[in-house]
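J.: I have a structure I would like to understand better, so I am pasting it below and will then ask my questions one at a time.
Values quoted throughout were computed directly from the atomic coordinates according to the rules given, and no laboratory measurement underlies them. Since the model is a prediction, treat every value here as computed from it, not as a measurement. Don't worry about glycine lacking a Cβ; one is built from the backbone with ideal geometry, like all the others, and counts go over all protein chains shown.
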Amino acid sequence: MLATAIRDSVELGLLLLAACVIVGPLVAERLRVPGLVGLIAVGAALGPSALRWLRPEGFVATIGVAGLLYLMFLAGIELDLRTFAANRNSAIGFGLLTFFIPFALSVAVATWYLDLGPAAAALVGAMWASHTVVAYPEAKAAGLDRSRAVGVAVAATIITDVLALVVLALAASKAPGTAAEGAAVGHHAPLPLWAGIPVLAITCLALLPRLTHWVFAHLLHSRTQRFAWLLASLAGGGVIALAGGIEGLVGAFLAGIGVNRSVPTDSPLMEHTEFIGNAILIPAFLVSVGLSIDPAALIEPATLGRAAVFVAVVVVGKIAAAALAGRVFHFTSAEVAIMAALTIGQAAATLAIAKVGVASGLFNQEMLDAAVVTVVVSVLITSFGTRLAGRHLDLTEGEVEPLGRRVLALAPETTAAEPFARVLAAIAEVDGGLVTPFIAQAPAPPGGADGNVEQETRLEVFTDALTRCGLDAHATIRFGNSTADATVSLAHDLNSTLVVLPLHGGSSRLDVSGDTTLDAVAAGVPVPSAAVRVLPAEVHRVVVLTGAARSTGRRGDLALVLDIVARLAPALSAPVVVFHDRDDPPPALGDAEFRPYAPRSGEVLDELRQDDLLVVPAHVVTDTRSIGSARLRRHLSDVSLIIVGAPGRLRTSRSHGRPLLGAVGQRVATGQSATAPPRAASR
């Protein structure tokens with residue numbers, strides 16, 4: 001009696017699940033096979049076909065259903081939407097090819113070789129037409145993620161996954177049974193399928209992103225609360241999907257896409273989200289797959305024969321799609337090889353579709369067994385194939401990471417925290433990026449403990465301001481011999497894509513190795529940098545000065561300015577006015593108003609208003625040598641200002657230390673008030 005109670009208890013189920021999560025990957029690592037294979041294997045060993053310690057309908061299986069939903073939700077969150085947008089045409093084209101070619105082959109095989117009906121054959125097609133870039137971590141570690149071909153292969157995942165889940169929704173609605181755990185499908189749902197699909201898409205892809213941003217900005221500021229919102233989004237997407245006669249995992253996947261931009265890839269919130277899934281929920285799903293498998297059946301000739309056919313369909317279909325895409329979009333043979341190698345991989349998403357097929361009555365157990373063997377073989381092929389193809393890939397023209405992916409920002413004065421945070425949020429949110437606020441402290445600060453407390457207060461206020469903008473900010477304190485040293489080392493450690501320092505008023509200069517802090521930081525980081533001073537007043541107009549941008553370096557500065565302005569203007573709901581060199585054609589920038597002017601003349605200064613945000617490339621600072629500092633101070637003292645420079649190009653002082661921007665561009669994050677009286681510059 002006691003033994004029966006223990007065997008059916010939640011406590012024993014949790015203990016065995018934890019043992020599986022620990023032992024499975026360890027065994028797989030020793031055998032040099034993927035970890036998911038080890039989890040499935042220990043599940044099969046403990047299941048009803050072997051030791052009988054776990055039951056397919058017990059605690060682990062229930063957690064496995066949640067893990068299946070979480071798996072698809074996490075897949076939606078982790079999709080790189082910006083990479084997809086940057087390679088839109090080729091990603092869509094390749095995504096359609098790498099879906100429909102294997103899909104057609106799979107449906108043909110399922111119809112004529114396996115003698116399946118239309119719904120089951122379509123589900124087989126969905127299994128092998130989608131792909132999981134299992135080898136992407138290896139490719140990224142080798143630096144291959146800088147290749148356009150790798151970006152296209154990863155972006156195509158969006159197309160294949162969405163189409164596969166649409167097929168799953170249609171096929172499951174025709175299923176004779178019900179989905180896993182009694183989920184309603186087809187005619188049992190409150191909404192017809194033709195209404196359920198658009199309702200689900202609109203809710204998850206249009207309403208959920210806006211609602212999540214608003215909730216993060218105005219209501220939920222702690223990571224615990226935000227994680228709870230993510231779980232609610234997952235469950236909500238699943239419930240809406242079920243109401244429309246669609247599998248819940250389709251809703252979970254679309255909900256993941258919906259909250260994608262609110263969960264930056266490198267943020268602590270993403271780390272927590274991935275941790276919960278990878279630690280228990282997704283392994284529970286893989287173990288539950290193993291519970292449904294008879295280990296002896298995996299080596300039966302019929303299972304191996306069916307798996308061999310599936311492997312051939314995947315390999316032939318994915319290679320054919322990559323080759324055709326290469327001809328259409330002019331990829332090299334090495335790029336075609338890496339695209340094919342990455343997309344051959346099949347993993348847990350394929351097993352999810354297979355398990356739903358078994359639960360809904362479309363598949364028999366033999367199909368799931370063959371799918372497990374196929375997944376194992378495809379993982380090995382994609383892993384070794386990616387390594388081999390990567391050796392021949394030319395990375396001389398790698399893609400530059402987006403500007404807002406990882407922004408490092410020195411905390412400004414407390415009075416400037418809110419407007420400063422709004423600017424950074426506008427820059428980072430476009431890329432789903434992460435803003436890291438920080439302060440720099442010396443091991444023995446001259447100001448003593450009070451100086452540290454003041455800086456930490458600045459950091460806390462700034463972090464709160466970023467959080468209220470909807471960002472997931474992770475504050476950092478970096479110790480160093482100087483602000484510049486600390487900033488440069490932190491930028492390297494975080495692999496930052498943009499470094500932002502606040503500008504303060506005053507005419508004195510902070511010496512760092514004979515240069516200002518801003519100049520030293522810009523010279524020490526290999527990424528673009530910006531100096532920002534945003535006044536509390538509302539911005540009604542964004543003004544750009546192009547300067548005389550005739551050299552390559554100056555054109556690089558201007559390109560960065562235009563990128564930032566394209567991000568700021570919609571966020572601030574402000575029109576853009578571009579003053580361009582009258583001897584050069586105006587740059588391309590949406591609906592901006594263009595006005596010619598003579599650089600170095602100072603004539604634009606009279607056009608500036610107090611509610612303007614002036615955004616200038618670094619070379620415009622150099623051009624101000626011909627303009628008197630008193631005139632600059634008079635016109636720029638009440639104007640918000642952003643100075644942007646390509647790596648190593650942002651400077652606000654002459655080589656001998658005299659200021660170029662007078663009161664505006666001198667001191668950087670020293671803590672002195674913008675209205676403090678000027679002090680003599682040290683030489």
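J.: Taking the alpha-carbon distance from K318 and a cut-off under 16 Å, which aspartates and glutamates remain once sequence neighbours fewer than 8 residues away in the same chain are dropped?
T.: Once the sequence-local aspartates and glutamates are set aside, what remains near K318 is D161, E335.
J.: Check cross-link reach from K174 to the lysines: straight Cα distance under 18 Å, and skip same-chain residues fewer than eight apart.
T.: Within reach: K355.
J.: Relative contact order for segment 89-132 using alpha-carbon pairs under 8 Å, separation at least 6, rounded to a whole percent?
T.: Normalised by residue count, the contact order of segment 89-132 is 45 percent.
J.: Here is a further query. Report, in deg cm²/dmol and to the nearest 500, the calculated mean residue ellipticity at 222 nm for the chain, where each DSSP H run with n ≥ 4 adds -39500 (n - 2.57) and the sum is divided by the residue count.
T.: On the way: 26 runs with 374 residues, N = 683.
Helix-only estimate at 222 nm: -18000 deg cm²/dmol.
J.: Where a ≥ b ≥ c are the square roots of the eigenvalues of the C-alpha gyration tensor, would you call segment 347-430 rounded, which needs a/c under 1.5, or, failing that, prolate if a/b is larger than b/c, or oblate?
T.: Judged from the Cα gyration tensor, segment 347-430 comes out oblate (a/c at least 1.5, b/c at or above a/b).
J.: Still on this structure: What do you get for the angle between helix 10-30 and the principal long axis of the chain? Use alpha-carbon atoms, 0 to 90 degrees, nearest ten.
T.: 80 degrees
J.: Any idea what angle helix 88-112 forms with the longest principal axis of the chain, computed on alpha-carbon atoms, 0 to 90 degrees, nearest 10?
T.: For 88-112 against the chain, the angle is about 0 degrees.
J.: Turning to a different aspect of this structure: Based only on other Cβ atoms within 10 Å, what is the fewest-to-most ordering of Y597, Y70?
T.: Sorted ascending by nearby Cβ count, the order is Y597, Y70.
J.: Using 0.36 nm per residue, how much length does the chain from S601 to I202 gain when fully extended, once their Cα-Cα distance is taken away? Mind showing how you got there, number by number?
T.: Numbers: separation 399, 0.36 × 399 = 143.64 nm, distance 5.24 nm.
The span from S601 to I202 would gain 138.4 nm if fully extended.
J.: For volume of the Cα convex hull per residue in Å³, pick the label among [x] 162; [y] 204; [z] 179 that corresponds to the value derived from the coordinates.
T.: Correct label, based on the coordinates given: [z].
J.: Continuing with this model, one more query. What residues have an amide H closer than 5 Å to that of R406, excluding those fewer than 5 places away on the same chain, when H is modeled at 1.01 Å from N in the peptide plane?
T.: The list, which skips near neighbours in sequence, is L434, T497, L498.
J.: Within 10 Å of each residue's Cβ, count the other Cβ atoms and sort T111, T624 from fewest upward.
T.: T111, T624
J.: Taking the Cα atoms of segment 406-645, what is the range of coordinates along each of the three principal axes, in descending order and whole Å?
T.: Principal-axis extents of segment 406-645 (Cα, largest first): 53, 39, 32 Å.
J.: For segment 303-316, just list the computed ³J(HN,Hα) in residue order, Karplus coefficients 6.51, -1.76 and 1.60, θ = phi - 60°, integers in Hz, with x standing in for Gly and Pro.
T.: Here the 3J(HN,Hα) series is 5, 5, x, 5, 5, 4, 5, 5, 4, 5, 4, 5, 5, 5 Hz.
J.: From the backbone phi of segment 69-76, what are the Karplus-calculated ³J(HN,Hα) couplings (6.51 cos²θ - 1.76 cosθ + 1.60, θ = phi - 60°) in whole Hz, Gly and Pro given as x?
T.: In residue order, the calculated couplings are 4, 5, 4, 5, 4, 5, 4, x Hz.
J.: Okay, next question. If we count other beta carbons within 10 Å of each Cβ, what is the order of R7, R533, R422, fewest first?
T.: Starting with the residue having the fewest Cβ neighbours, the order is R7, R422, R533.
J.: Using θ = phi - 60° and the Karplus curve 6.51 cos²θ - 1.76 cosθ + 1.60, what whole-Hz ³J(HN,Hα) does each residue of segment 324-329 get, with Gly and Pro shown as x?
T.: Result, ordered by residue: 5, 5, x, 6, 6, 9 Hz.
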